[in-house]
Amino acid sequence: MPTAMPRVTIRYFASLRERLGRAEEVLDLEGIRTVAEVWARATGEPLPANTLVAVNLEYADFSQPLRDGDEVAFFPPVTGG
């Protein structure tokens, strides 16, 4: 029996969600190793300046490696006022 392709769940918040027109998606990890590569494959866009990322609910770096089942969340920086 073939094994399932490793996948990650991606969540977009606030202005990123509005700009991309989606809040969540699942992406196969084939050929993807890092958070930055997830963004590139999922959006086809350059990463907006100051974008924050969390992997499995913890702040992460864009070079962080990913594993099957991880949840990656992208959100713009929090602004005060």
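Values in this text are rule-based calculations from the coordinates and carry no lab data. Here the structure is a predicted model, which is why all the values come from computation and not from measurement. Ideal geometry is used to build each Cβ from the backbone, glycine not excepted, and the neighbour counts take in all protein chains shown.
The table that follows gives values for the structure above.
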item: Residue-wise HN-Hα coupling along the range 40-51, computed from phi with Karplus coefficients 6.51, -1.76, 1.60 (Hz; x: Gly, Pro); result: 4, 5, 6, 10, x, 10, x, 5, x, 4, 6, 5
item: Over the range 36-81: Kirkwood hydrodynamic radius from C-alpha pairwise inverse distances, Å; result: 11.5 Å
item: Cα-based Rg and Dmax for the chain, where Dmax is the largest Cα-Cα distance (Å); result: 12.8, 56
item: Label-to-label distance, nm, for residues given as D68 and A54 (7 Å Cα→Cβ offset); result: 2.6 nm
item: Segments 68-76, 38-46, 20-28 sorted - mean Cβ within 10 Å per residue, highest first; result: 68-76, 38-46, 20-28
item: Potential lengthening between E45 and R33 on full extension [0.36 nm per residue; Cα-Cα distance subtracted]; result: 2.6 nm
item: Length released on extending from R19 to A4, taking residue separation times 0.36 nm less the Cα-Cα span; result: 2.3 nm
item: Cα-centred dipole magnitude for the range 7-75, charges only on beta-carbon of K, R (+1) and D, E (-1), debye, nearest 20; result: 140 debye
item: Amide H within-cut-off set for R7, under 5 Å, with H built and near neighbours excluded; result: L29, G69
item: In Hz, Karplus ³J(HN,Hα) per residue of the range 3-18 (6.51, -1.76, 1.60; θ = phi - 60°; x = Gly, Pro); result: 8, 6, 5, x, 9, 10, 9, 10, 10, 10, 10, 6, 5, 5, 4, 5
item: The chain: relative contact order in percent, alpha carbon pairs under 8 Å with at least 6 residues between; result: 40 percent
